Each structure stands twice: as structure tokens, then as C-alpha cells.
Amino acid sequence: QVSVALKEGRVTPTELCQRCLSLIKSTKFLNAYVTIAEESALKQAEASEERYKRGQPLGVLDGIPIAVKDNFNTAGIETTCASNMLRGYISPYNATVVQKLLDQGAVLLGKTNLDEFAMGSGSTDGVFGPVRNPWSYSRQYKEKSVPKSHSEDKESNWVITGGSSGGSAAAVSSFTCFAALGSDTGGSTRNPAAHCGVVGLKPTYGLMSRHGLIPLVNSMDVPGILTRCVDDAAVVLGSLAGHDPKDSTTIQDNFKPFELPDLTDVSKLSIGIPQEYHVPGMSSEILALWSKAADLFQSAGAKVVEVSLPHTRYSIVCYHVLCTAEVASNMARFDGLEYGHRSDTNESTESMYAATRREGFNDVVRGRILSGNYFLLKQNYEKYFIKAQKVRRLIANDFVKVFRSGVDVLLTPTTLSDAAPYVEFIKEDNRTRSAQDDILTQAANMAGLPAISVPTALSERGLPVGLQFIGRSFQEQQLLTVAKWFEKQVQFPMIQLEEVKRHDHDVFQDQKSTSFS
């Protein structure tokens with residue numbers, strides 16, 4: 001819609017950029033952004049405006065304001081991973097996905113907040129402080145939550161965004177940008193998307209380049225896409241997917257962008273409901289919503305079948321072993337020599353290494369490095385790492401068998417409950433929380449499958465709840481088509497955010513989901 005408005009001249013890229021920058025400033029309390037690239041964004045918007053005047057826009061994304069998670073390298077803009085280790089680091093190059101967005105004329109507003117080095121599920125553990133969920137300040141939530149006192153309402157009633165791409169999810173949810181990049185290693189795009197009422201897409205492993213995404217777990221990391229509707233996710237995917245000579249894990253074939261059809265007949269679809277995803281700790285609300293969604297497909301004529309993924313119960317333990325092992329390996333590059341923080345300690349090279357890593361990393365990162373190195377010790381390697389790799393293969397095979405049986409798409413919850421209040425969330429340590437919050441999402445990463453979280457309904461507390469669709473490998477078009485049909489059926493309500501309403505303009509008005517497709 002906004003792309004059409006730009007083409008018709010109802011709004012200029014510069015006006016749109018200024019409006020979004022103004023919104024970023026007025027929603028600063030959300031802590032969604034760690035760096036705002038105002039000067040370069042306005043220059044990009046002006047260049048876009050010139051192209052529109054000549055009648056030569058670069059595509060649908062030309063002039064569209066976007067944000068990028070702060071673990072993607074951006075030339076000329078600080079990339080910190082929300083860590084003291086990289087504070088002040090400016091990359092000499094752009095990540096491939098960032099470069100592709102800029103080549104399409106997108107306007108990069110800034111870098112978004114996250115858990116340090118993307119290790120977490122709340123966006124609460126970064127050096128810049130926690131991200132606040134925009135829905136904490138929505139009319140829907142305020143009407144349902146009754147604080148004990150006025151001071152409690154102000155200080156402790158706000159809820160988390162989920163993580164680790166919470167800044168990107170909050171940025172899209174609060175209308176400060178139209179799309180954002182996250183990263184997804186075990187659910188880091190889908191989890192905050194569910195909590196913030198936006199669409200979160202994790203593509204098939206190898207479909208989008210990881211070059212320039214600071215690695216967490218190389219064998220599972222994928223760039224994620226956060227938008228306000230499924231159509232927008234398809235547009236961004238079309239611009240970013242495809243082979244990259246700088247990333248040997250990307251597909252060799254050319255990727256053809258696609259437009260999503262309006263699905264009217266779902267009778268040929270087979271929707272799988274994995275019984276193992278009914279896990280302890282799932283709220284009755286989520287369970288009821290999951291069941292209701294299955295009934296929705298069934299009543300529309302789709303075949304809904306219960307399926308089994310028997311090795312799911314081992315997946316979170318398997319994920320923890322593999323994740324920490326790769327983290328230990330990846331974090332070895334941060335030694336204070338080539339880039340990033342360096343300690344002033346100079347007794348010896350070893351003491352400088354140790355002091356640098358102690359000062360640069362938080363407890364969460366150090367803990368994962370220690371765990372990973374333990375699993376990789378010579379005496380533990382076969383017992384933990386190799387065994388986890390074998391279990392990972394069994395988990396991937398479970399999905400293969402289910403899809404071979406005729407199932408098109410799997411339907412599961414994305415999270416166990418709606419977003420937790422910050423004061424409750426921080427009572428448990430990062431590892432415990434991550435194990436709980438990743439339980440429904442990390443298996444898709446271990447199998448390399450595409451998955452999308454679609455906002456479905458508001459909980460009794462007036463907070464968003466999302467459901468997840470998992471598709472066959474490289475079948476993003478089918479997955480997104482089903483997700484779009486579902487999105488249309490559920491009609492998720494738009495956030496009523498007083499802070500945003502004051503900045504409204506005709507481009508934003510009367511839109512269920514401000515899309516640009």
C-alpha cells in the first residue's frame with residue numbers, strides 16, 4: 001500500500017523517512033533501536049525521491065523504511081551485537097542481505113536491539129538494556145491489566161518482546177519501519193514476532209545468504225524477516241533469496257520471486273498437527289487457540305491429521321549441546337587482537353586474551369562458551385557432540401517422513417504463552433528461559449526447514465499470540481500461501497498505540513496491516 005502511495009506521489013520517500021524517524025524518537029522508551037542512521041537514511045530517501053521523479057523506481061522496496069538487527073554488518077554504521085566486545089566496531093562491508101535491500105532502494109533507518117550476540121529469548125540481556133514490547137502501551141493491554149498501584153503500572157507492568165530479535169519485532173510492531181531483518185537460530189525471529197503481533201519468517205537454511213551475519217551457530221543460523229503481513233514477508237524474501245558466492249551454504253539455483261495467490265480452496269491441503277508439540281507448560285489459552293485453528297482448516301475443507309515427530313522430546317537437549325559447541329568455536333575470534341574490545345592488561349598475551357573476554361562478554365555468553373568447550377573436550381566429544389549430531393539427523397528424518405506421508409504444512413504454537421512481564425521474566429536465568437521459549441521453534445532450525453509465525457489472536461491479557469506453520473524444504477511459496485489464507489481468516493487486530501496515533505497520516509489510516517505489496 002505504501003509502495004503504491006509512493007508511486008502515486010501521495011507521499012514522498014523523504015516525508016516517509018522523516019515520519020518514521022520522528023516515530024523512532026517518540027517511541028524511544030521502547031529501546032528498540034541501538035543506532036539510528038538518520039543522516040544516511042535521509043540521503044537514501046532523497047536518492048529514492050529522485051528515482052521516483054524520473055519514473056524509474058528500483059522496485060517495490062524503493063523508498064521503504066527498514067531496520068536491521070545489530071548482528072548484521074553494515075558499512076559505516078556501528079555493529080555491536082549489543083555487547084561491550086564490539087562496542088564502537090564499524091564494519092568495512094555490508095552483509096549480503098543488507099546490500100540487497102539497499103540495492104533495491106530500501107531506506108535503512110538504523111540497527112535494532114537484541115540479546116548479547118543473539119543469545120537469549122527475551123531481548124533483555126544486551127548491553128543497551130531490555131526492549132519493551134509496544135503492546136505494553138496499547139489500549140488493548142491497558143484495558144485488561146489492572147495494576148495494584150499507579151507506580152507499578154509505570155515501572156513494572158511492561159512485557160518483554162521475546163528474542164533475540166526483539167528490537168526488530170518492536171520496530172515493526174510500533175510502525176517505526178515497514179520491515180526489519182532479524183536472525184533465527186532456534187526461533188529468534190518467530191518468538192518475538194509472536195509476542196509483538198507481527199509476522200516472522202524463518203526461510204529454509206541456504207535460501208538466504210548468511211555472509212555478514214555475525215555467526216552464532218553456523219549450521220542453524222538464517223536471516224529472518226519481520227513484517228506486518230504475510231504478503232510483505234514474501235516481497236522481502238523475493239528481494240533477498242538466492243545464491244551468494246560469498247556463502248557456500250546458499251543454494252546454487254536462481255530464486256524466482258513470487259506473488260502469493262489468494263487461496264480460496266483449501267480442500268487439497270493436508271495440515272499436520274504434531275502430537276509431541278503438546279508440551280508441559282503450555283498455557284490452556286494457547287492450546288485452545290491451536291485447536292481452534294485446526295478446526296478452522298477442517299471446516300474450510302482441508303484434511304487435518306495428527307502426526308508424530310517422535311524425536312522432538314530430545315530436540316531441546318540436542319539443540320543445547322550443538323548450539324553451545326558452535327558458539328564456543330565462533331566466539332574464539334573475539335580475542336582482542338583483530339577488532340573489538342581489547343583489555344589494557346599487558347602482563348602476557350594469555351592474560352590479555354583472558355581479560356579481554358572477561359570484560360567483553362556478559363555471563364550468558366561466557367556460560368555458553370564454557371558449556372560448548374566442555375562438550376568439545378576430547379573425552380566428551382563422542383559422548384555429547386557426535387551423539388547430538390546423530391539425534392539431529394533423526395529429528396530431521398522425522399520431518400521428512402511426515403512430509404512424505406502427504407502432509408503439506410505443519411501447524412503448531414510458536415510460544416508456550418503470551419509475553420511475560422519483564423519483572424517475572426528475569427526471575428529465571430537465561431538458559432532456563434531459552435530452553436522453555438525455544439522448545440517449539442528450534443526443531444525447524446535443526447532440520448533446516450522454513451517456518452513462519454502468524455499473529456492469530458489476543459490473549460485474555462490483551463497481548464498477541466501467534467501460531468507457527470512449518471513447511472517442506474524450499475517450499476516457501478506453499479508455506480506463505482497457507483499462512484496468508486490463515487491470516488485472512490483470523491483478522492488479527494491492529495495495535496492501538498496512543499503514541500503512534502498522534503503521528504498518523506492518510507498513508508497509515510484505515511489499514512489492518514500497513515503493507516507495501
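The values are calculated or read from the model by the stated rules, or taken from the named source; none is laboratory data. Since the structure is predicted, the reported quantities are computational estimates derived from the model, not experimental observations. Cβ sites come from the backbone with ideal geometry, for glycine too, and all protein chains shown count toward neighbours. With ligands, DNA and RNA removed, areas are computed over all heavy atoms of the protein, side chains included. Shrake-Rupley method; radii C 1.70, N 1.55, O 1.52, S 1.80 Å.
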What pairs come out if I take residues in the range 97-116 that are more than 19 Å from Asp232 (Cα to Cα) and pair them with residues that are among the β-branched types (Val, Ile, Thr) and open to solvent by 10 Å² or more (accessible area, probe 1.4 Å) whose C-beta lies under 6 Å away, six or more apart or interchain?
Gly110/Thr35; Gly110/Ile36; Lys111/Val34; Lys111/Thr35; Asn113/Val34
Tell me, please, whether a residue that is of a type outside the set (Lys, Arg), crowded, with 21+ Cβ neighbours inside 10 Å and in a helix (DSSP H, G or I) can be found in the range 303-311.
no
Given (1) of a type outside the set (Asp, Glu); (2) under 20 Å from Pro413 (Cα atoms); (3) open to solvent by less than 60 Å² (accessible area, probe 1.4 Å), index of the condition Ile251 fails
(2)
Check the range 226-235 and report whether any residue there is of a type in the set (Gly, Ala, Ser), free of Cβ contacts under 8 Å to residues at least 60 places away in the same chain, buried (at least 22 other Cβ atoms within 10 Å of the Cβ) and closer than 30 Å to Cys318 by Cβ.
no
Complete set of residues in the range 419-448 that are part of a loop (DSSP other than H, G, I, E, B), open to solvent by 20 Å² or more (accessible area, probe 1.4 Å) and of a type outside the set (A, V, I, L, M):
Lys427, Glu428, Asp429
Looking at the range 385-418 only, could you name the residues that are over 29 Å from Ile271 (Cα atoms) and open to solvent by 50 Å² or more (accessible area, probe 1.4 Å)?
Lys387
Among the candidates Gly206, Gly238, residue that is out of contact with any helix residue (DSSP H, G or I) (no Cβ under 8 Å at 6 or more places or on another chain), closer than 27 Å to Arg393 by Cβ and either at pLDDT 95 or above or of a type in the set (Gly, Ala, Ser) (or both):
Gly206
Restricting to the range 59-81, name every residue that is surrounded by fewer than 17 Cβ atoms within 10 Å (Cβ to Cβ) and farther than 24 Å from Thr189 by Cβ.
Gly76
Please work out if Glu49 is without any contact (Cβ under 8 Å) to a residue 40 or more places away in the chain, within 23 Å of Asp232 (Cα to Cα), assigned to a helix (DSSP H, G or I) and among the acidic types (Asp, Glu).
yes
Sort through Glu382, Glu359, Glu338, Glu350 and tell me the only one that's modelled with pLDDT under 95, outside any loop (DSSP other than H, G, I, E, B) and open to solvent by 30 Å² or more (accessible area, probe 1.4 Å).
Glu350
State whether one or more residues within the range 281-303 are closer than 23 Å to Asp231 by Cα, of a type in the set (Lys, Arg) and at pLDDT 95 or above.
no
The conditions are (1) open to solvent by 50 Å² or more (accessible area, probe 1.4 Å); (2) within 20 Å of Gly186 (Cβ to Cβ); (3) touching a residue at least 40 places away in the same chain (Cβ under 8 Å), and Asn330 fails exactly one of them. Which is it?
(1)
Just to be sure, is Gln442 touching a Gly at 6+ places or on another chain (Cβ under 8 Å), at pLDDT 95 or above and farther than 30 Å from Ile64 by Cα?
yes
Glu49 is checked against (1) surrounded by fewer than 22 Cβ atoms within 10 Å (Cβ to Cβ); (2) within 17 Å of Ser188 (Cβ to Cβ); (3) charged (D, E, K, R) and fails just one. What number does that condition carry?
(2)
Within the range 368-379, which residues are open to solvent by less than 100 Å² (accessible area, probe 1.4 Å) and in contact with a Ser or Thr (Cβ under 9 Å, 6 or more places away or on another chain)?
Arg368, Ile369, Ser371, Gly372, Asn373, Phe375, Leu376
Give the range 401-441 a look and list any residue that's under 28 Å from Ser138 (Cα atoms) and small (Gly, Ala, Ser), or say none.
Ser417, Ala419, Ala420, Ser434
What pairs can you find where one residue is in the range 412-431 and closer than 16 Å to Asp115 by Cα, the other is among the small types (Gly, Ala, Ser) and open to solvent by less than 20 Å² (accessible area, probe 1.4 Å), and their Cβ atoms are less than 6 Å apart, with a gap of 6+ or different chains?
Phe425/Gly122; Asn430/Gly120
Condition first: in contact (Cβ under 8 Å) with a residue 12 or more places away in the chain, open to solvent by 60 Å² or more (accessible area, probe 1.4 Å) and in contact with a Leu (Cβ under 9 Å, 6 or more places away or on another chain). Now tell me which residues in the range 271-287 satisfy that.
Gln275, Gly281
For Lys488, the lone unmet condition from (1) over 22 Å from Asp295 (Cβ atoms); (2) at pLDDT 95 or above; (3) open to solvent by 20 Å² or more (accessible area, probe 1.4 Å) is (1)
Criterion first (surrounded by 12 or more Cβ atoms within 10 Å (Cβ to Cβ) and within 14 Å of Ile470 (Cβ to Cβ)) does Ser315 satisfy it?
yes
Residues of the range 13-40 being in a helix (DSSP H, G or I), under 17 Å from Ser165 (Cβ atoms) and either open to solvent by 40 Å² or more (accessible area, probe 1.4 Å) or polar (S, T, N, Q) (or both), which ones?
none
